[in-house]
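In what follows, a structure is listed as structure tokens, so that the remarks can point back to it.
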Amino acid sequence: MHYSDTNMAENFLPWILLLHFLLIMCSSYGIIGRELGMNHGTIITSNDDHKHDHHHHHDIDPSLMVFLTMKDLKVGQRMPIYFPKRDPSTSPKLWPKQEADSLPFSLEKLPQLLQLFGFASDSAQAKAMEDTLRECESKPIKGEVKFCATSLDSMLDFAQSILGKDSGFRVLSTSHKTKSSVSFQNYTMLEDIKEMEARKMVACHTMPYPYGVFYCHSQTTQNKVYSVPLEGDNGDKVEAIVVCHLDTSEWASSHPSFQVLDVKPGTSSVCHFFPADNLIFVPKVLQSHAGFSAM
Ligand SMILES: *[C@@H]1O[C@H](CO)[C@@H](O)[C@H](O)[C@H]1NC(C)=O
């Protein structure tokens, strides 16, 4: 056994967080019958992508080392990956809808917001808020629907509107099975890479802001979602969620993934590892082999 008893708490932490999330969801939303939990789908087979070479990493910011192509998704693959270790207990919380909706959320109102939160206009916080608002107001690319959620309710409403009113959904997220402060190292992909059922999906990324803001988006082009067990060089275990975008032809050529992977838009799939505080909503599978059913 790799795990000592003291690690049990960490192993259960993701479930506790999910349960917590579910409780908030049920209490604020009154939904019964939505299922939360990891699903275990089919085993993936390797897929052929176009030729690429991403062994020229030296000049690249480690925090961008989260990209891969479907070709890299195989047992035994070893690669440097960056997982931010943000402490969920200290990161900004989603506000109740009523509170969040009582504040403007627009670039135009930034001066007013800075005043309200007490940030100087030349502060790092002001810059972060500006970047977040700008990103949230940018036009979606062709085939993409996007939405910045400032509350749990609005995030769930958006997810539901994409996945379908009649569909329950599951929430997937990367979980760290061991505790360590190492955020950048080489990881090896272990046995049991699983493709998750994800005909449709909504990905929600945390954004820097004084309160919880998730940038949620969904692309109509084909995506795949995988659960990938990883072991770090230091023994860290991660059950990582990877999303692959099969069609990147509409992406801006300045997208950092193209630099990291050394490929051009539309010539290769682009996949990325999800940090633990990002969420993926997928439709609930009726006959799932989910090992966890919260309700
Ligand atoms: C990953 O391994 C390669 C080759 O073994 C090494 O050159 C590189 O420095 C390692 N990267 C990290 C982040 O440890």
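Out of 171, 145, which single residue is open to solvent by less than 20 Å² (accessible area, probe 1.4 Å) and part of a strand (DSSP E or B)?
Being open to solvent by less than 20 Å² (accessible area, probe 1.4 Å) and part of a strand (DSSP E or B) holds for just one of 171, 145, which is 171.
Is it the case, given these coordinates, that residue 165 is open to solvent by 30 Å² or more (accessible area, probe 1.4 Å), without any contact (Cβ under 8 Å) to a residue 60 or more places away in the chain and either hydrophobic (A, V, I, L, M, F, W, C) or farther than 24 Å from residue 64 by Cβ (or both)?
yes
Scan region 237-255 for residues that are open to solvent by less than 10 Å² (accessible area, probe 1.4 Å) and part of a loop (DSSP other than H, G, I, E, B) and report the count.
Summing the residues that are open to solvent by less than 10 Å² (accessible area, probe 1.4 Å) and part of a loop (DSSP other than H, G, I, E, B) in region 237-255 gives 1.
Is there any pair linking a residue in region 82-98 that is outside any loop (DSSP other than H, G, I, E, B) to one that is open to solvent by 70 Å² or more (accessible area, probe 1.4 Å), with Cβ under 7 Å and at least six apart or on different chains, and which?
Within 7 Å, the pairs are 82/184.
Identify, please: which residue in region 177-200 is outside any strand (DSSP E or B) and closer than 11 Å to residue 239 by Cα and is, among those, most open to solvent (accessible area, probe 1.4 Å)?
192
Go over the candidates 37, 76 one by one and state the one that is out of contact with any Phe, Trp or Tyr (no Cβ under 8 Å at 6 or more places or on another chain) and either small (Gly, Ala, Ser) or at pLDDT 95 or above (or both).
None of the other options fit; the residue is 76.
Show the residue pairs that are 6+ apart or on different chains and have beta-carbon atoms under 9 Å apart, the first residue being within region 206-230 and within 30 Å of residue 126 (Cβ to Cβ), the second being open to solvent by 20 Å² or more (accessible area, probe 1.4 Å) and of a type in the set (S, T, N, Q).
That search, which allows pairs on different chains as well, returns 206/91; 208/125; 210/125; 212/91; 212/206; 213/206; 214/206; 215/206.
Take the residues in region 40-73 that are within 16 Å of the ligand (Cβ to nearest atom) and among the acidic types (Asp, Glu), then tell me which one is modelled with the highest pLDDT.
Selected residue: 72.
The values are calculated or read from the model by the stated rules, or taken from the named source; none is laboratory data. Computed from a predicted model, the values in this text were never measured in an experiment. Heads up, the Cβs are rebuilt from the backbone with ideal geometry, glycines too, and the neighbour counts pull from every protein chain shown. For the accessible areas, the whole protein counts, side chains as well, though only heavy atoms, and no ligand, DNA or RNA atoms are used. Shrake-Rupley method; radii C 1.70, N 1.55, O 1.52, S 1.80 Å.
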